[in-house]
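Chemist: Below is one structure. I have some questions about it.
The values are calculated or read from the model by the stated rules, or taken from the named source; none is laboratory data. Since the structure is predicted, the reported quantities are computational estimates derived from the model, not experimental observations. When we count neighbours, we look across all protein chains shown, and the Cβ atoms used for this are built from the backbone with ideal geometry, even at glycine.
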Amino acid sequence: MIKDLRNTFKQTAIYGVVSLLVKVAGLILLPIYANSLSTEAFGLLGWFELITLFFVGVISFSLPSSMLRLASEKDDIESQNKIYATSLLMILFFGGIFLAIFLPLNSILSRVIFETDEYAPYFTIAFISIVIEILGVLPLQLLRLREKSTQYLGFFGLKLLSLIGFIWYFVSVKDMGVYGALWGFLCANITFLISTFFFQFKNLVLKFDKKAAREMYYFGAPLIFTTIAGTLLTIADRIIIEIYGELSDLGIYTMAYKIGSLSNLLIIGSFSLGFLPIAFKKFGDANFDRFYSKMFTYFIGITILVTLVVSLFSKEGIKLISSTNPDYWLAVNLVPFIAYMFLFKALTNYISYIFLLTKHTKYQAYVTIAGMVINIALNFLLIPRYNMQGAILATGISYICMTIMTYKMAQQNYRIDYEFKRITVLMVSCAVFIAIGIFFNDLDLLSRIIIKTGLTVGYVVFIFYAVADKVEREKVQKITGMIRKGGIKEFLTSFKKD
């Protein structure tokens, strides 16, 4: 099991770097947006991000995930390449239909959503970018399948560099506003797709496999509803905020959401990228249950630590990012609650991996659809009364309900004895430390930094002595001793060994 843990941590660490780069790129872009766009314009950009998020999930038909799951069962490269080619042809087909239907509707959508024809060209750029972005997901999934996380990092790094460059040029230099940002996304997606062409060509077998297409359809069909429901679950709060408020409210909430969701991008997303291919291959082994349970505890523990840091230093981060536009500073009070809310998403996501492993994806669809219904209903109930705070409360309650439902259904499919006692201690203590940090938010900058740094270090010490068991403490002491003695290089060398 130690070898599997090491491999998981290695893959996840590299994907974690990818997610870190994504968030670094996002943080670099935030000052560009905050200093070039008003809160209303940033709210408009948020609308197009929501539209993109929705259609990328729907039009892909969950084919990238289906390809990864089906190809993971094949031992020979040629069979995997046939499955890859089949999924690529299917995505090209669905993408073509999408453009044929929606490009002629750009003016109508602009009038319906924004009550003006002004944004019709914005929709055109967004729709084309959506299809190209979906095509770019497939080679990334193939790299995950082959466990080539270093190449994954290289390709994704190129995309992020081009994204920053293009958006800086169109938004800051050319002063094209939201339209320029959309052009930046499109150019970055094109650059990424071109960069992966040789890798894709080398791994293509130009043959449509009907059997593989059917299997991907049956695996992915339930996930379509999950994707739609999950996307609506993610974006409903921001849509309803705009309905009952102003675009400026949406801009402030979007800023808070981007900061508060750091753990989602840094840990939750990157962990699944590295963990799932390994879990697919290991599922059914004698020690799988213990491996799966331990990874759950470590995954939640790391997510909680990131949540604490994001929550404590949100005020300093937002004021630094939007130093010339104090309108965004209202987001400070929202970030800790959004960040903590994502802990329940982390719980739900990990437990729901059982549905993918057992190929019972319909249960994941049930949970996500139920969560969506609860979320939308609560948003309509709470946002008119409490505005942005109501959106956070509605999403938090829906995530908690989804965690409970997911756990019950997953245990019926495949029972795992999780370490919930330790996880409860971690979550409750995290909330206490965050509350203490918020209490000192009115102090001067230097005092806040000293106190919040002390709280972060104190929490790590608390985890080490109050949560970690004896074996884990000994391992941590061994690692720190190794680093002190031979440096990080010796530690990384030993990490590669069995």
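Chemist: Assess whether ILE267 counts as being in a helix (DSSP H, G or I) and over 30 Å from ILE449 (Cα atoms).
Modeler: no
Chemist: Which pairs do you get when a residue that is over 20 Å from ILE235 (Cβ atoms) and free of Cβ contacts under 8 Å to residues at least 60 places away in the same chain, found in region 392-413, comes within reach of a residue that is in a helix (DSSP H, G or I) and small (Gly, Ala, Ser), reach meaning Cβ atoms under 7 angstrom, with the pair 6+ apart or on two chains?
Modeler: Filtered contacts from region 392-413: MET405/ALA370; THR406/SER352; ALA410/SER352.
Chemist: Six or more apart or on different chains, Cβ under 6 Å: which pairs go from a residue in region 114-135 that's closer than 18 Å to LEU193 by Cβ to one that's small (Gly, Ala, Ser) and buried (at least 17 other Cβ atoms within 10 Å of the Cβ)? Could you list them?
Modeler: VAL131/GLY95; ILE134/SER60
Chemist: Another question about this same structure. Please find, within region 137-161, the residue that is surrounded by the fewest Cβ atoms within 10 Å (Cβ to Cβ) out of those that are aliphatic (A, V, I, L, M) and closer than 22 Å to SER62 by Cα.
Modeler: Among them, the one singled out is VAL137.
Chemist: With (1) without any contact (Cβ under 8 Å) to a residue 40 or more places away in the chain; (2) out of contact with any helix residue (DSSP H, G or I) (no Cβ under 6 Å at 6 or more places or on another chain) as the list, and LEU378 as the residue in question, which single condition is left unmet?
Modeler: For LEU378, the exception is condition (2).
Chemist: Here is a follow-up. Have a look at LYS294, LYS315 and point out the one that is over 27 Å from TYR152 (Cα atoms), in contact with a helix residue (DSSP H, G or I) (Cβ under 8 Å, 6 or more places away or on another chain) and either assigned to a helix (DSSP H, G or I) or touching a residue at least 24 places away in the same chain (Cβ under 8 Å) (or both).
Modeler: Result: LYS315 is the single residue among LYS294, LYS315 that is over 27 Å from TYR152 (Cα atoms), in contact with a helix residue (DSSP H, G or I) (Cβ under 8 Å, 6 or more places away or on another chain) and either assigned to a helix (DSSP H, G or I) or touching a residue at least 24 places away in the same chain (Cβ under 8 Å) (or both).
Chemist: How many of the residues making up region 345-364 are surrounded by 21 or more Cβ atoms within 10 Å (Cβ to Cβ) and over 18 Å from ILE268 (Cβ atoms)?
Modeler: Residues meeting the conditions: 2.
Chemist: When you check ILE164 against the structure, is it surrounded by fewer than 22 Cβ atoms within 10 Å (Cβ to Cβ), within 29 Å of ILE243 (Cβ to Cβ) and either without any contact (Cβ under 8 Å) to a residue 40 or more places away in the chain or aliphatic (A, V, I, L, M) (or both), yes or no?
Modeler: For ILE164, the condition - surrounded by fewer than 22 Cβ atoms within 10 Å (Cβ to Cβ), within 29 Å of ILE243 (Cβ to Cβ) and either without any contact (Cβ under 8 Å) to a residue 40 or more places away in the chain or aliphatic (A, V, I, L, M) (or both) - is not met.
Chemist: Cβ-Cβ below 9 Å, separation at least six or inter-chain, first residue in region 32-51 and farther than 17 Å from ASN325 by Cα, second surrounded by fewer than 21 Cβ atoms within 10 Å (Cβ to Cβ) and of a type in the set (Ser, Thr, Tyr): which pairs?
Modeler: LEU50/THR231; LEU50/THR234
Chemist: Count, please, the residues in region 172-211 that happen to be within 20 Å of ILE130 (Cα to Cα) and in contact (Cβ under 8 Å) with a residue 60 or more places away in the chain.
Modeler: 10
Chemist: Continuing with the same structure: Go through region 276-334 residue by residue and tally those that are closer than 30 Å to GLN141 by Cα and among the acidic types (Asp, Glu).
Modeler: The total comes to 2.
Chemist: Same structure, new question: Does region 378-400 hold any residues that are polar (S, T, N, Q) and surrounded by fewer than 20 Cβ atoms within 10 Å (Cβ to Cβ), and which are they?
Modeler: ASN387, GLN389
Chemist: Looking at region 300-316, is at least one residue at positive phi and not aliphatic (A, V, I, L, M)?
Modeler: no
Yes/no per residue for (1) in a helix (DSSP H, G or I); (2) modelled with pLDDT under 90; (3) among the small types (Gly, Ala, Ser):
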position	(1), (2), (3)
ILE436	yes, no, no
ILE451	yes, no, no
LEU455	yes, no, no
ILE483	yes, yes, no
LYS489	yes, yes, no
LYS497	no, yes, no
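Chemist: OK, next. If the requirement is being at pLDDT 90 or above and surrounded by 16 or more Cβ atoms within 10 Å (Cβ to Cβ), which of these qualifies: ILE59, ILE97, ILE83, ILE128?
Modeler: ILE128
Chemist: Shifting gears a bit: Search region 183-228 for residues being of a type in the set (D, E, K, R) and part of a helix (DSSP H, G or I), and hand back the single one that is surrounded by the most Cβ atoms within 10 Å (Cβ to Cβ).
Modeler: Within region 183-228, the match that is surrounded by the most Cβ atoms within 10 Å (Cβ to Cβ) is GLU215.
Chemist: Checking ILE434 against (1) of a type in the set (A, V, I, L, M, F, W, C); (2) in contact with a Pro (Cβ under 9 Å, 6 or more places away or on another chain); (3) surrounded by fewer than 12 Cβ atoms within 10 Å (Cβ to Cβ), which single condition isn't satisfied?
Modeler: It is condition (3) that ILE434 fails.
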